[in-house]
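The values are calculated or read from the model by the stated rules, or taken from the named source; none is laboratory data. Treat the numbers as computed from the prediction; the structure is a model and nothing was measured. In this analysis, Cβ positions are derived from the backbone assuming ideal geometry, glycine residues included, and neighbour counts consider all displayed protein chains. Heavy atoms of the whole protein, side chains included, go into the accessibility calculation; ligands, DNA and RNA do not. Shrake-Rupley method; radii C 1.70, N 1.55, O 1.52, S 1.80 Å.
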Amino acid sequence: MTTSMNRRGFLKSVGALGVTMVVGFNASGALAASKTAAGDVLSNTSADFNPFVKIDADGTVTVVVKHFEMGQGTTTGLTTLVAEEMDLAWDEVKVAFAPSHKNYINLAFGGQGTGGSTAMANSFMQYRQAGAAARDMLVRAAAEAWGVEASAITVKDGVLSSGDKTAGFGEFVNAAAKLTPAKEPVLKDASKFTLIGKDKLPRKDSAAKTTGKAVFAMDVKVPNMVYVTILRSPKFGGVLKSFEVSDAKSVTGFVDAKALPNMAGVAVYATSTWASIKARRSIKAVWDDSKADSRGTPEMLKEYAAKLDAEPTYDVTKKGDFAKVEAAAKGASKSVSADFFFPLLAHAPMEPMVCVIEPTEGGGLKVHDGCQFPMITHPTIAAITKVPAEKIDIVTYYAGGSFGRRANPQSDYHVEAALAFLALGGKKAVKLVWTREDDLAGGFYRPMFAQRAHIGIGEDGKVAAWAQRSVAQSIFKGGPMESFVVKDGVDHSSVEGISDTPYQLPMSLGLTDYESPMPVLWWRSVGHSQSGYTMEVLMDMAAEAAGKDPVAFRLAHLDESDEDQGRVAGVLKLAAEKAGWGTDLPEGKGRGIALHKSFGTYVAEVAEVSLNDKGAVSIDKITCAVDCGTAVNPDVIRAQMEGAIGYGLGAVMRNQITMKEGVVEQGNFPQYEPLRIADMPVIDVHIMPSDKKPSGVGEPGLPPAGPALANAIYAATGKRITKLPMTSNGIKFA
Amino acid sequence: MSIQLKINGETRQVEADGDTPLLWVIRDELELTGTKFGCGVASCGACTVHLNGKPQRSCILPVSAIGESEVTTIESATTPQAKAVQAAWQELDVVQCGYCQSGQIMSAIGLLSDNAKPTDNEIDAFMNGNACRCATYHRIRAAIHRASEILEA
Ligand code: FES
Ligand code: FES
């Protein structure tokens with residue numbers, strides 16, 4: 001792993017060994033193979049197909065992963081698929097990140113990129129096919145050489161054998177590469193899997209990440225590089241008028257300061273990161289705030305509230321019955337009404353944004369980045385620098401988390417890096433570094449949301465009328481993906497998890513957009529990050545109004561004969577059973593349940609909390625049940641559930657980005673306190689056995705965590721929490 | 001100014017202003033990039049190194065204040081505690097993005113060097129300054145117990 005991740009080292013070692021066989025897909029999606037030197041296949045200027053699997057003359061197999069690794073396990077997951085089909089020895093398979101190339105598309109979005117919990121779902125067949133094709137070619141080559149039928153050859157741990165003959169893959173690379181890959185290679189039957197579904201397959205990135213050897217973009221240093229930080233407007237939409245550098249000149253290592261060509265800030269160049277940070281502190285800039293957003297959070301909340309009161313702009317459920325359903329819900333003899341508010345949230349991945357742009361000898365560029373969206377970053381950098389796209393190479397590194405932040409339709413930090421590169425003359429490599437303060441004040445937040453619901457319970461104890469109004473700032477409107485997500489004015493991400501709820505509910509849903517110059521972005525689980533909370537707290541409130549147990553009430557709104565609803569019910573029952581739902585709890589403890597389907601994956605969670613003598617809440621345990629179809633790497637799935645639960649809990653407990661007169665109030669982690677180890681509950685994850693196709697796991701663990709906690713706190717204290725974060729709304733944590 | 005640093009068993013000469021945080025000298029000058037930058041204000045622990053064997057946040061330590069102290073970074077963590085922690089981390093696959101993990105590991109080594117058999121509460125108290133945005137905490141706790149077992153064996 002460590003050597004193969006380093007591209008230069010990799011190329012050298014392969015070059016010395018000679019021939020490499022590569023199997024991949026061409027531009028039209030067909031399997032293709034060739035015999036080549038690795039240098040050619042990794043360059044984005046080469047042929048029309050790109051390798052997914054490479055086999056060197058020494059038998060080393062390298063899986064080229066098209067999805068970057070931000071911790072979600074792609075280097076392990078995609079490698080598992082190839083290793084399974086090729087019958088490789090797990091410890092010996094190497095991994096390399098794919099270069100930026102149009103053929104490495106994410107089949108879910110038609111361009112190269114990672115997000116939406118799609119990596120495994122869209123790679124499952126592709127990587128298996130590439131592995132199976134490679135194995136088949138090697139077997140055919142061996143059969144020819146040995147004069148036996150292909151069926152007489154077995155493969156185990158990367159070794160071919162037949163009778164008394166055995167050979168490593170390397171021996172047949174040359175011959176196999178001359179064969180044509182099967183159009184549709186025969187894939188293994190699931191009953192023969194030895195790696196897919198194996199309970200504990202060691203992560204491919206563990207060794208590098210526990211010894212300090214894993215290389216992140218933050219660690220890149222290239223010759224003659226200058227470091228740059230950017231002084232930005234404290235308010236969104238502020239434009240640079242002028243700036244004064246004189247004090248910065250006394251900082252050792254200060255090189256220069258230049259206005260960014262778009263007047264969005266001052267680029268401060270220095271010979272080290274620290275010198276740039278220090279010099280930036282002494283530069284004084286004057287901003288034109290005439291177009292800036294100068295509102296504070298209280299004003300924004302008032303605007304959200306006014307929009308909730310007004311008639312919704314869009315009739316999402318399109319039945320023209322909103323007023324009628326709302327009146328029926330309000331008039332029911334048993335009813336529930338509640339308003340919900342969700343704050344702005346920063347992603348705050350552990351590694352702040354960073355990008356290195358390095359000029360190459362032939363007038364091209366090398367972009368060093370933990371790149372999540374090459375499909376946008378690559379053309380964006382080409383457009384700004386006027387360097388032809390084919391002369392730009394993106395080198396992908398491990399990314400120190402993302403949670404949505406690095407997948408930016410505007411490629412915001414790459415744009416800054418490219419502008420800073422140009423402003424210095426375009427001849428010297430620049431490394432743009434964001435500090436944590438830049439990160440928290442930098443926008444692209446999870447939008448604020450407000451929800452109002454009125455629910456009427458019928459004579460049968462089920463929901464008879466459910467009317468809901470949502471107010472949200474659209475993530476997709478005005479962006480490059482608008483046409484995929486916005487239909488008839490409704491940004492689906494504003495209503496996902498509500499409009500498509502798997503529950504059988506007589507629902508009428510209205511939506512009103514909130515407009516603001518502040519950039520917003522998807523944040524782990526996108527709209528589900530708030531709709532899961534709203535829906536599942538409401539279901540709990542409705543169950544109580546109906547006088548029903550929360551699990552039984554939910555089941556009563558699911559038709560288990562329907563596949564989708566059956567899977568929802570399945571995880572609900574599994575989580576309830578594993579958590580001992582219905583068993584007695586001692587005084588001062590409470591249990592709450594929530595479920596949510598997102599990204600094709602079904603998750604239910606039970607939270608258990610206890611109160612100390614001062615009424616402060618401890619989260620003792622979360623029991624989680626997940627149905628993500630075929631579980632390729634069960635331990636990675638458990639890790640993603642644990643991580644998403646922790647990330648979600650931290651946010652609902654105490655995180656929010658607030659503004660005062662347009663300026664973000666949270667400076668650094670002490671004001672945007674991350675979840676800490678002492679807050680972390682015990683987490684017990686159960687994976688539903690399944691042979692359905694795999695769905696994503698990076699995000700779906702998050703939506704049920706907040707409402708399960710809220711429902712548990714209600715059970716323990718009688719307090720309903722419909723405004724977040726909890727610590728700003730009367731809840732203390734121990 | 002020219003400063004002498006005892007780091008990872010060597011004496012190194014670096015050019016830096018005295019107020020430069022040790023973190024940036026380690027990363028940018030000495031190119032030991034296993035030690036990470038996460039906040040710069042001693043609130044995340046990504047920059048944790050050992051000073052005379054004790055975990056310290058290198059992002060707020062001016063390089064001029066190090067003097068004769070011995071600095072150890074993840075690249076040179078080789079004590080029995082270090083080996084046990086790394087082995088346990090790998091056995092339980094603690095890491096996700098990995099960016100906080102050098103710091104987590106340096107803190108965990110410090111904890112086990114002082115307290116060979118910490119309880120959950122002691123782990124939580126000692127490790128609370130090491131943030132992990134991927135929330136790998138559940139496994140960090142388990143891995144520290146596992147490292148403690150490895151050391152005992
Ligand atoms: S970088 Fe030093 S504690 Fe965060
Ligand atoms: S593993 Fe990502 S921040 Fe800890």
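Worth pointing out:
- Criterion: part of a loop (DSSP other than H, G, I, E, B) and either away from ligand 2 (no atom under 16 Å from the Cβ) or more than 13 Å from the chain's Cα centre (by Cα) (or both) - qualifying residue of B:SER43, B:SER64: B:SER43
- Tally of residues being within 16 Å of the chain's Cα centre (by Cα), open to solvent by 10 Å² or more (accessible area, probe 1.4 Å) and near ligand 2 (Cβ under 9 Å from one of its atoms) across the stretch B:128-139: 0
- A:LYS719, sole failed condition from (1) without any contact (Cβ under 8 Å) to a residue 60 or more places away in the chain; (2) within 14 Å of another protein chain (Cβ to nearest Cβ): (2)
- The stretch A:144-174: number of residues that are assigned to a helix (DSSP H, G or I), within 26 Å of A:LYS94 (Cα to Cα) and open to solvent by less than 80 Å² (accessible area, probe 1.4 Å): 5
- Residue within the stretch B:102-114 that is over 15 Å from the mean Cα position of the chain (by Cα), at the interface with chain A (Cβ under 7 Å from one of its Cβ atoms) and under 21 Å from B:CYS39 (Cα atoms) present: no
- For the stretch A:206-222, a residue qualifies if it is assigned to a helix (DSSP H, G or I), in contact with a Lys or Arg (Cβ under 8 Å, 6 or more places away or on another chain) and away from ligand 2 (no atom under 13 Å from the Cβ), and the qualifying residues are A:ALA207, A:ASP219.
- Boolean, A:ASN262 is more than 30 Å from the chain's Cα centre (by Cα) and open to solvent by 10 Å² or more (accessible area, probe 1.4 Å): no
- Residue that is at positive phi and either not in a strand (DSSP E or B) or not charged (D, E, K, R) (or both), where the choices are A:GLY580, A:GLY650, A:GLY646, A:GLY667: A:GLY580
- Matching entry among B:GLN81, B:GLN86, B:GLN56, B:GLN96 (being within 16 Å of ligand 2 (Cβ to nearest atom), polar (S, T, N, Q) and either part of a helix (DSSP H, G or I) or surrounded by fewer than 24 Cβ atoms within 10 Å (Cβ to Cβ) (or both)): B:GLN86
- Any hit, the stretch B:92-101, residues being within 21 Å of B:ARG27 (Cβ to Cβ), at the interface with chain A (Cβ under 7 Å from one of its Cβ atoms), within 15 Å of ligand 1 (Cβ to nearest atom) and in contact (Cβ under 8 Å) with a residue 60 or more places away in the chain: yes
- Evaluation of A:VAL255 against (1) touching a strand residue (DSSP E or B) at 6+ places or on another chain (Cβ under 6 Å); (2) closer than 18 Å to A:ASP438 by Cα (one fails), failing number: (2)
- Qualifying residue in the stretch A:433-450 (condition: within 14 Å of chain B (Cβ to nearest Cβ), touching a Ser or Thr at 6+ places or on another chain (Cβ under 6 Å) and among the aliphatic types (A, V, I, L, M)): yes
- Residues in the stretch A:666-695 that are in contact with a helix residue (DSSP H, G or I) (Cβ under 7 Å, 6 or more places away or on another chain), without any contact (Cβ under 8 Å) to a residue 24 or more places away in the chain and surrounded by fewer than 20 Cβ atoms within 10 Å (Cβ to Cβ): A:GLU673, A:ALA678.
- The stretch A:696-724, residues that are open to solvent by 40 Å² or more (accessible area, probe 1.4 Å) and outside any loop (DSSP other than H, G, I, E, B): A:TYR714, A:ALA715, A:THR717, A:LYS723
- In the stretch B:67-78, residue nearest to ligand 2 (Cβ to nearest atom) [restricted to those that are open to solvent by less than 10 Å² (accessible area, probe 1.4 Å) and within 11 Å of chain A (Cβ to nearest Cβ)]: B:ILE74
- For the stretch B:47-58, the condition of being at the interface with chain A (Cβ under 10 Å from one of its Cβ atoms) and within 14 Å of ligand 1 (Cβ to nearest atom) holds for none of the residues.
- Any hit, the stretch B:105-127, residues being open to solvent by 20 Å² or more (accessible area, probe 1.4 Å) and under 18 Å from A:PRO202 (Cβ atoms): no
- Answer from A:ASP293, A:ASP321 - the residue that is within 27 Å of A:ALA407 (Cβ to Cβ), of a type in the set (D, E, K, R) and open to solvent by less than 40 Å² (accessible area, probe 1.4 Å): A:ASP293
- Count of the stretch B:13-46 residues which are within 13 Å of ligand 1 (Cβ to nearest atom) and either out of contact with any Ser or Thr (no Cβ under 9 Å at 6 or more places or on another chain) or closer than 17 Å to A:THR210 by Cβ (or both): 9
- Residue count for the stretch A:295-315 satisfying the condition of being under 18 Å from A:ALA441 (Cα atoms) and in contact with a strand residue (DSSP E or B) (Cβ under 6 Å, 6 or more places away or on another chain): 2.
- In the stretch A:476-531, the qualifying residues are those that are among the aliphatic types (A, V, I, L, M) and farther than 23 Å from A:ALA306 by Cα, and the one that is surrounded by the fewest Cβ atoms within 10 Å (Cβ to Cβ) is A:MET481.
- Pairs with Cβ under 6 Å, 6+ apart, first in the stretch A:643-661 and within 26 Å of A:ASP293 (Cα to Cα), second open to solvent by 10 Å² or more (accessible area, probe 1.4 Å) and of a type in the set (Asp, Glu): A:ARG654/A:GLU673; A:THR658/A:GLU665
- Residue in the stretch A:31-54 that is modelled with pLDDT of 90 or more, more than 24 Å from the chain's Cα centre (by Cα) and either open to solvent by less than 10 Å² (accessible area, probe 1.4 Å) or under 20 Å from A:MET137 (Cα atoms) (or both) present: yes
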